[in-house]
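Report on the following structure.
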Amino acid sequence: MEIKQIDNGKEGAFYIEIDDKKVAEMTYSHAEPNKIIIDHTEVSETLKGQGVGYKLVEASVDYLRANNLKVIPLCPFANAVFKKKHHEYADVLA
């Protein structure tokens, strides 16, 4: 399962497509030049229980680290993941 990313400089998303249909997506917006806000995560019922949401968060962490960014996880799911993995992800939390 390949996680793709789109970003227009103001907002973006990490997502997974199957047969040209988005089946999982985590959206964010740029809050400041060095911060993003994760505002929504959604995973298709067909993928529930497979850790897809976690994979989207991991992709965002990779992106944050590669671009020297911090995150404010307002999305309840993303926020829960960042709290659960606080020690692993502390370097990217705003």
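The values are calculated or read from the model by the stated rules, or taken from the named source; none is laboratory data. The structure displayed is predicted, hence computed values, not measured ones. Virtual Cβ from ideal backbone geometry, glycine too; neighbours counted across all protein chains shown.
What the table below lists for this structure:
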item	result
Lone unmet requirement of (1) in contact with a strand residue (DSSP E or B) (Cβ under 6 Å, 6 or more places away or on another chain); (2) surrounded by fewer than 13 Cβ atoms within 10 Å (Cβ to Cβ); (3) not hydrophobic (A, V, I, L, M, F, W, C) for Lys21	(1)
Of all residues making up segment 62-82, the number that are part of a helix (DSSP H, G or I) and either hydrophobic (A, V, I, L, M, F, W, C) or in contact with a helix residue (DSSP H, G or I) (Cβ under 9 Å, 6 or more places away or on another chain) (or both)	8
Residues that are touching a residue at least 12 places away in the same chain (Cβ under 8 Å), aliphatic (A, V, I, L, M) and under 18 Å from Glu58 (Cβ atoms), drawn from segment 1-36	Met1, Ile3, Ala13, Ile16, Val23, Ala24, Met26, Ile36
Those residues of segment 51-84 which are closer than 14 Å to Ala13 by Cα, over 9 Å from the mean Cα position of the chain (by Cα) and without any contact (Cβ under 8 Å) to a residue 12 or more places away in the chain, in sequence order	Asp62
Subset tally (residues that are basic (Lys, Arg) and assigned to a strand (DSSP E or B)) for segment 15-56	3
Test for Ala59: is it within 15 Å of Met1 (Cβ to Cβ), modelled with pLDDT of 95 or more, in a strand (DSSP E or B) and not charged (D, E, K, R)	no
